[in-house]
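What follows is a single structure, written as structure tokens, with notes after it.
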Amino acid sequence: MSADIILETRDLTKEFKGFVAVDHVNLKVRRGAIHALIGPNGAGKTTVFNLLTKFLPPTSGQILYNSQDITHQAAAEVARSGMVRSFQISAVFPHLTVLENVRVGLQRRLGTSFHFWKPESTLYALNDEAMALLEAVDLTSFAQTRTIELPYGRKRALEIATTLALDPELMLLDEPTQGMGHEDVGRVVELIRKVAANRTVLMVEHNMSVVSNLCDAITVLARGTVLAEGPYEQVSKDPRVLEAYVGSTEEAHA
């Protein structure tokens, strides 16, 4: 495995009672890149994410991260090694403040995550670092806001901040702009570009304008297999990719 490849899958396959959701997927993500995983609905994108982050065991194949075989590692072990994922569904604590949510992510470093009897004041040492993360995602003015009161786009920015709190080397973002208006999409795109300056990002994304403006490389899945891979200019003109998307549109209107 080349040193400039941070993540690689080799013939990664997942079957569900005879249905092949992911079929011999070979994926290579370059260190420092923003890499998108795209494809029509049902292409297997989220299943690949679930396999990479160990929420599902593969039927066969290998997953290598930093040249280490992590195929059979537990999810927590993979996260501790530096591969951290955000989810399509909001994964923050709605009744904590924005600052408190980020502190939860930072708390792991203190080794007190399960010390429920300790007063909140023991976490104040994390406030400066938490505020720095909020500044990075343009949320300092929302620090004392309860998360449930945040606009949707800001909530997704908070999820990125809590992911950053774990100091990931590789961030996996699952549909980071899903359900957003144009202004929020633009803000999150700039945020991803900013946080990717010193780390690698692998993202599942449906918004093609986001993919074309942001990503260095794209892997296209259809029916669980890789159709094409490369820069947007190349992939977007591939006849197989066009057929997969047009076909899914026709089926959706059938």
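For this structure, a couple of remarks:
- The test for being surrounded by fewer than 17 Cβ atoms within 10 Å (Cβ to Cβ) and either of a type in the set (Gly, Ala, Ser) or not in a loop (DSSP other than H, G, I, E, B) (or both) holds for Gly42.
- Looking only at the stretch 222-248, and only at residues there that are over 19 Å from Val204 (Cα atoms) and not basic (Lys, Arg), the one that is modelled with the lowest pLDDT: Gly247
- Filter pass, Thr112 being of a type in the set (Val, Ile, Thr) and modelled with pLDDT of 95 or more: no
- Residues that are surrounded by fewer than 20 Cβ atoms within 10 Å (Cβ to Cβ) and within 15 Å of the chain's Cα centre (by Cα) were ranked within the stretch 51-61; the one that is farthest from Asp174 (Cα to Cα) is Phe55.
- Among the residues of the stretch 1-38, the ones that are in contact with a Ser or Thr (Cβ under 6 Å, 6 or more places away or on another chain), aliphatic (A, V, I, L, M) and in a strand (DSSP E or B) come to 6 in all.
- When each of Leu158, Leu133 is tested for being crowded, with 20+ Cβ neighbours inside 10 Å and touching a Phe, Trp or Tyr at 6+ places or on another chain (Cβ under 9 Å), the lone residue that passes is Leu158.
- Any hit, the stretch 78-88, residues being of a type in the set (D, E, K, R), surrounded by fewer than 19 Cβ atoms within 10 Å (Cβ to Cβ) and modelled with pLDDT under 90: yes
- Residue among Asp184, Asp128 that alone is over 20 Å from Ser86 (Cα atoms) and either crowded, with 16+ Cβ neighbours inside 10 Å or at pLDDT 90 or above (or both): Asp128
- Gly32, sole failed condition from (1) surrounded by fewer than 17 Cβ atoms within 10 Å (Cβ to Cβ); (2) of a type outside the set (S, T, N, Q); (3) closer than 26 Å to Leu191 by Cβ; (4) in contact with a His (Cβ under 9 Å, 6 or more places away or on another chain): (4)
- Some residue of the stretch 215-231 being in contact with a helix residue (DSSP H, G or I) (Cβ under 8 Å, 6 or more places away or on another chain), closer than 20 Å to Ala157 by Cβ and either of a type outside the set (Val, Ile, Thr) or surrounded by fewer than 20 Cβ atoms within 10 Å (Cβ to Cβ) (or both): yes
The values are calculated or read from the model by the stated rules, or taken from the named source; none is laboratory data. Model, not experiment: these values are computed from the prediction. Quick reminder, even Gly has a Cβ in these numbers, built from the backbone with ideal geometry, and neighbours come from all protein chains shown.
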